[in-house]
Amino acid sequence: KYRACPFVGIYALRKPKIFITDPEFSRKILVSNFRQFHNNEASDMVSLKSDPIIGLNPFFMRDEMWKSTRQEITQGFSNIRVKAQFPIMESSCHKMTNYLRSHVKSQGSRITVSEITRRYTNENLMNCIFGLEANAFDNNKAGSFQMFKDYLAEFWRIDYFFMYSFIWPMFRSVYKYKILNTKLKNFFVDMLKHGMAFRSENPGNREDFLAFLMQMREKKDTSMDEMLAHALTFILDGFETSALVIDSILYELSRNSRVQKKLRQVIEDVRKSEGNLSFDTISDLPYLDQVMNETLRLHPPILFFLKQCNESMQVPFGNGNETKTFPKGITAMMSMYSLGRDPVFYENPNDFHPERFDDGAVKDYRDKGVFVPFGDGPRICIGMKFAIAQIKTAIVGIVRNFNLTLGADMKEPLGLQKTFFGIPAQDITVNFDPLPEE
């Protein structure tokens, strides 16, 4: 209805917002007009005073403080460090496939994927951040697995904070959200101290995230709160959102046998020709990229972005013949979920067809602003490279070892929970039928 204009005014209960209808205008907000929209709306929900740990998370930070903090920790997520942590991902993947085979033998092939994928990301992150084994696939020792879930449960409650601030717009100016309770903080501080102590007593050349935090502490005398804030930023980026993407890929592969068989064949052809599946090999599998991108199009882990206008600006529209003023403080809302399923930009948008991202098409979609699952511009997801690597490693390990079919209890369409994240409305169940071991 509103395609003729790049934006339209809406209300979130009592709070006015600008809903962006034109993807090219969305890209301007994220990239070329970043100066006017550099803060997330969530930035004024927390503060260093109310929650000194989460207040240092780049997602919530504002203005120059966000810029300096992001510059400081970006090198911790470099491609070199991600590559150095690939053996950890391989080890976690091996534990996962062994766990799946054991589960199939003892309890049958039907498995709720979320129970597997969160254990996998927990195993990776505990080792990369704290230098400690999570034992996530051992039900008798998986204490950190529950703590990771408790941390995310606290974070999900921010939905209620959004709701209250929509009903009473002044709410967030007098009340700030506190995510990290004392029990969780003490647990993660203990893990960080244990990891640092072990690394100090057993020095090596591991270039993981813990090594980065310890180097930063040595150079800048970083406080424990700052180190913990950076560690929890890593968990926030790498635990639940990565697992959500893996869930969605397994769901789509289970219901699209053609794609699953093609991907398995591509993986095996590369393995046979190169002898092993290294970080560089997995990073450069075009069809795996296509499968992941098509899944992100249909199932983005973040459904929409909320960017706050930092200064009043005139916005032209209607071929430049008209203008509207975006007042300072207004929030621009961009729906990645809607763009990914728009028939104007994607032919047969509800079909899972990875080949649509062949021959460099992903760049064209990004340039048009219709494919930005990790955001865009200076505030693009800081943990994107790590997330992509652990997602790909998991998918390669599972596809090589199991034939996947959708659980008989699954109902179509999948549906979504009423939250800001792409969480399915029902558990995704998949039959993992083991393929012959080599």
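The values are calculated or read from the model by the stated rules, or taken from the named source; none is laboratory data. Worth saying up front: this structure is predicted, and the values here are computed from it rather than measured. Note: ideal-geometry Cβ built from the backbone for every residue, glycine included; neighbour counts use all protein chains shown. To get the accessible areas, we keep the full protein, side chains included, count just its heavy atoms, and leave off ligands, DNA and RNA. Shrake-Rupley method; radii C 1.70, N 1.55, O 1.52, S 1.80 Å.
Annotations
- Region 191-218 versus region 343-389: alpha-carbon centroid distance in Å: 35 Å
- Diffusion of region 124-201 by Stokes-Einstein, at 20 °C in a medium of 1.002 mPa s and with Rh set to the Kirkwood radius over alpha-carbon pairs, works out to 146 µm²/s.
- Selected from Ile88, Tyr287, Leu236, residue furthest toward positive end of dipole (the chain; charges at beta carbon): Leu236
- Relative to its Kirkwood radius, the Cα radius of gyration of region 299-352 gives an Rg/Rh of 1.12.
- Per-q log10 I(q)/I(0), region 89-232, q = 0.13, 0.18 Å⁻¹ (Debye; single scatterer per alpha-carbon; no solvent): -0.73, -1.07
- For the chain, size of Cβ-based charge dipole, Lys and Arg +1, Asp and Glu -1, in debye: 1020 debye
- The residues of region 342-406 have, on average, 40 Å² of accessible surface per residue, using a 1.4 Å probe with all protein chains present.
- Rounded D (µm²/s) - region 1-121, Kirkwood Rh over Cα pairs, Stokes-Einstein at 10 °C, 1.306 mPa s: 83 µm²/s
- Normalised by 2.2 N^0.38 Å, with N the number of residues, the alpha-carbon radius of gyration of region 271-376 equals 1.42.
- Kirkwood Rh and Cα Rg combined as Rg/Rh, region 65-106: 1.34
- For the chain, carbon and sulfur atoms together expose 51% of the accessible surface, with a 1.4 angstrom probe and every protein chain in place.
- For region 168-308, the percent of C-alpha pairs falling in each 10 Å distance bin, counted from 0 to the bin holding the largest distance, reads 9, 24, 25, 26, 15, 2, 0.
- Net charge of Cβ neighbours under 13 Å - reference Ser26; Lys, Arg +1; Asp, Glu -1: 0
- At 0.692 mPa s and 37 °C, Stokes diffusion of region 54-141 via Kirkwood alpha-carbon radius, µm² per second: 215 µm²/s
- The lysine pair count for region 239-368, using Cα distances under 24 Å and pairs eight or more places apart or on different chains, is 8.
- Region 160-211: radius of gyration over Cα atoms, expressed as a fraction of 2.2 N^0.38 Å: 1.93
- Region 240-307 and region 134-168 have Cα centres spaced 26 Å apart.
- Residue of Ser26, Ser257, Ser200 that the Gaussian network model of the chain assigns the largest fluctuation, springs spanning Cα pairs under 10 Å: Ser200
- Options Ile267, Pro301, Ser173, ranked by Cα towards positive dipole end of the chain, top entry (Cβ charges): Ser173
- Calculated over region 35-78: convex hull of Cα atoms, volume per residue (Å³): 78 Å³
- Here the mean projected area of the convex hull built on the C-alpha positions of region 1-55 is 5.4 nm².
- Cα-centre dipole for region 215-298 with unit charges at Cβ (Lys and Arg positive, Asp and Glu negative), debye to 20: 460 debye
- Cα-based Rg of region 329-438 normalised by 2.2 N^0.38 Å, two decimals: 1.31
- Residue-count net charge about Gln308 - beta-carbon cut-off 13 Å; Lys, Arg +1, Asp, Glu -1: +4
- Springs join every pair of Cα atoms under 10 Å in this Gaussian network model of the chain, and among Thr419, Thr325, Thr112 the largest mean-square fluctuation is at Thr325.
- On the principal axes of its alpha-carbon atoms, region 284-330 has extents of 45, 26, 19 Å, going from largest to smallest.
- Histogram of C-alpha separations across region 372-426, 10 Å bin width, %: 17, 28, 42, 12, 0
- Debye log10 I(q)/I(0) for the chain, one point scatterer per Cα, at q = 0.06, 0.11 Å⁻¹: -0.26, -0.91
- Residue among Gly238, Gly195, Gly275 with the largest mean-square fluctuation in a Gaussian network model of the chain, springs linking Cα atoms under 10 Å: Gly275
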